[in-house]
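Shown next, in structure tokens, is the structure this report addresses.
The values are calculated or read from the model by the stated rules, or taken from the named source; none is laboratory data. Here the structure is a predicted model, which is why all the values come from computation and not from measurement. Cβ placement follows ideal geometry from the backbone for every residue including glycine, while neighbour counts extend to all protein chains displayed. Surface areas here come from the heavy atoms of the whole protein model, side chains and all, with no ligands, DNA or RNA. Shrake-Rupley method; radii C 1.70, N 1.55, O 1.52, S 1.80 Å.
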Amino acid sequence: MKILLVGSLGKMGREITNAVAETEDKIVLGIDTKDEKNSSFKTFHSLPKKLPPFDVIVDFSTAKSRKELFNLAKERKVPYGLFSTVISSEDEKDLNELSKFVPVLQTKNTSLGVNLLYEILKDICPRLTQADAVVTEYHHKQKLDSPSGTAKEIEKILEAEGINFISSAFRVGNEKGYHKVQFFFGDEILEISHRANSRKIFADGALKSIHKLSSKPAGLYNNILEL
């Protein structure tokens, strides 16, 4: 699979690059805030006029607008994987429009463990409507969004069941991602947590998901477990 990688110079962009090097896939072009050449592909600060052939767009960027990229995916009829936690309301609207023409995957966490955590919470929350919950998350100091997209998804699940909760977000050290949900009911405390020991799990999850997405019909997909 030939990949156009958006956000190629960021932490996750470099993780994707390393993960792809261990597969038969190939990154043919990178897009980021500046031009750079690494050993296998070139990164440009904007889309060049002449593009190499590619099969999919993988986006881990914090771009303020993706309209040009969405138009490119529509024109080339290629799947679009958006894995960023930073997306504008305008991009949300345009992404929904793009999904009418190509398969689109939008998810803020590509870890198998985190997505299983979501499923566990959806299963048990209806039984814990009288509990008080505490959501705690830790990420590295450079992370831009707080709370994280993962924490927001956890909160969304709790809100759907009317569970009372409080949240805390910490930006410390080089923490790759730790999320914990505690339920307090009577004399019991139930804790469910997930810790990422490396960013490689997100890169591997993204690549596996994008391969599955490529065989799907046009539409908007949000759950990597259901691809």
Point to revise | Relative packing of peptides 216-223, 124-131 - highest average C-beta neighbours within 10 Å first | key: 124-131, 216-223
**Study point:** Estimated FRET transfer efficiency when R0 is 30 angstrom, pair residue 24-residue 93 (beta carbons, to 0.05)
**Key:** 0.25
Practice item. May I ask for the angle, rounded to the nearest 10°, between helix 149-160 and the longest principal axis of the chain, with both axes built from Cα atoms and the value confined to 0 to 90°? Key: 50 degrees
Point to revise | Segment residue 47-residue 214, length gained on full extension (0.36 nm per residue, minus Cα span) | key: 57.9 nm
Study note, to complete from the structure: Taking alpha-carbon centroids only, the range 154-227 lies from the range 97-139 a number of Å equal to 5 Å
Point to revise | Rounded to 10°, Cα long-axis angle of helix 200-213 versus longest principal axis of the chain | key: 70 degrees
Check your understanding: Hey, what's the range 87-227 come to in accessible area per residue, 1.4 Å probe, Å²?
Key -> 52 Å²
Check your understanding: Once phi is turned into ³J(HN,Hα) by the Karplus curve 6.51 cos²θ - 1.76 cosθ + 1.60 with θ = phi - 60°, what whole-Hz value does each residue of the range 88-94 show in order, with x for glycine and proline?
Key -> 7, 5, 5, 5, 4, 5, 5
**Study point:** Calculated [θ] (222 nm, deg cm²/dmol) that DSSP helices of n ≥ 4 give over the chain, each run adding -39,500 (n - 2.57)
**Key:** -9500 deg cm²/dmol
Review point. Roughly how big is the range 50-135's charge dipole about its Cα centre, with Cβ charges of +1 (Lys, Arg) and -1 (Asp, Glu), in debye to the nearest 20?
Key: 240 debye
Revision key, fill the gap. In degrees, nearest 10, the alpha-carbon axis of helix 67-76 is tilted away from the dominant principal axis of the alpha carbons of the chain by 60 degrees
Check your understanding: How would you rank 174-181, 93-100, highest first, on the average number of other Cβ atoms within 10 Å across their residues?
Key -> 174-181, 93-100
Check your understanding: If the cut-off is a Cα-Cα distance under 13 Å, which aspartates and glutamates reach residue 156, setting aside same-chain residues fewer than 8 apart in sequence?
Key -> 119
Practice item. Can you tell me the relative contact order of the chain? Whole percent, Cα pairs under 8 Å, sequence separation 6 or more. Key: 20 percent
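Using the Cα centre as the reference, give the magnitude of the dipole from point charges on the C-beta atoms of the chain (Lys, Arg: +1; Asp, Glu: -1; all else neutral), rounded to the nearest 20 debye.
The calculation lands at about 1080 debye.
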